[in-house]
């Protein structure tokens, strides 16, 4: 578990945990990226724990930020039981520049308000309604990209088909996010939005050099581009919602409940904060943008790990397959 710590206005002399901050500016970033590229990012942590006699916490420097790495369950408990007390979440400087929220608000209060609004959308009974959509998107994706696509496949001389799992997993999770968050099912529009997302994803782990031609600069420009696209969708959806309310019923709650779309965007447009204030279009755009960016890498990485482990451990694959077939047969009955 990584805890990022930035400098405060008043420096206080405290006893720091063991560890090294590495090279000036870049710290130990290159070493961490090397182990991550090899598929063993945990080696970065294990090596340093062993070096410092199985310490519970050690210091390092990644992405130009000083950090403390907490390595035990007690560290996790300390972190999550002291949110906004002794610790608070924040973004490294390069992330802040890419996301570039133009409206400076109290992040803590904003997060609390957003959680209240999102709570109905994320409840188990609410998520149950999206299973059909998820099933539909998954089947379409498998039929189009895993069976017949020539772009994402390579054939060797012996006619063995090699599937590039990572780009396909990203495409799948992004397509699903667009459908659930924005109700977008047009493949061309999804592809249009995915291009800037790729630049943003690359920019997160690039050197923060904001010059034309650098990955970081492309990420900043791509961030502005996709925010504009999302804001256009929000404005049009708000118009559609207002027209729907005028045409169907004078009762706002009844008409809103009957609104055809059940994606997150429509839900956010229909929701208000506890003080009765509607969410601003810019606020909605920022939140949806964050959800989409998060869905692009995080979930796809998990899917790739599952596929990799099943390919490397045949007995694990056989067990999972048997379990899924039993579930399918029980439902057929």
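The values are calculated or read from the model by the stated rules, or taken from the named source; none is laboratory data. Just so we're clear, the structure is a prediction, and the values are computed from it rather than from any experiment. Heads up, the Cβs are rebuilt from the backbone with ideal geometry, glycines too, and the neighbour counts pull from every protein chain shown.
For the subset of the range 40-50 comprising residues that are free of Cβ contacts under 8 Å to residues at least 24 places away in the same chain and either within 20 Å of the chain's Cα centre (by Cα) or closer than 20 Å to residue 21 by Cβ (or both), which member is surrounded by the most Cβ atoms within 10 Å (Cβ to Cβ)?
The extreme case among them is 44.
For residue 132, the conditions (1) within 21 Å of residue 191 (Cα to Cα); (2) more than 20 Å from the chain's Cα centre (by Cα); (3) modelled with pLDDT of 85 or more are fulfilled apart from (1).
Reported count of residues in the range 65-78, each being under 22 Å from the mean Cα position of the chain (by Cα) and either surrounded by fewer than 16 Cβ atoms within 10 Å (Cβ to Cβ) or in the same structural domain as residue 201 (by TED's automatic domain parsing) (or both), is 1.
Residues in the range 208-228 that are more than 18 Å from the chain's Cα centre (by Cα), touching a residue at least 40 places away in the same chain (Cβ under 8 Å) and either farther than 16 Å from residue 96 by Cβ or part of a loop (DSSP other than H, G, I, E, B) (or both): 208, 210. Taking the range 162-186 as the range and being in a helix (DSSP H, G or I) and either over 13 Å from residue 140 (Cα atoms) or more than 18 Å from the chain's Cα centre (by Cα) (or both) as the test, the residues that pass are 165, 166, 167, 169, 170, 174, 177, 178, 180, 181, 182.
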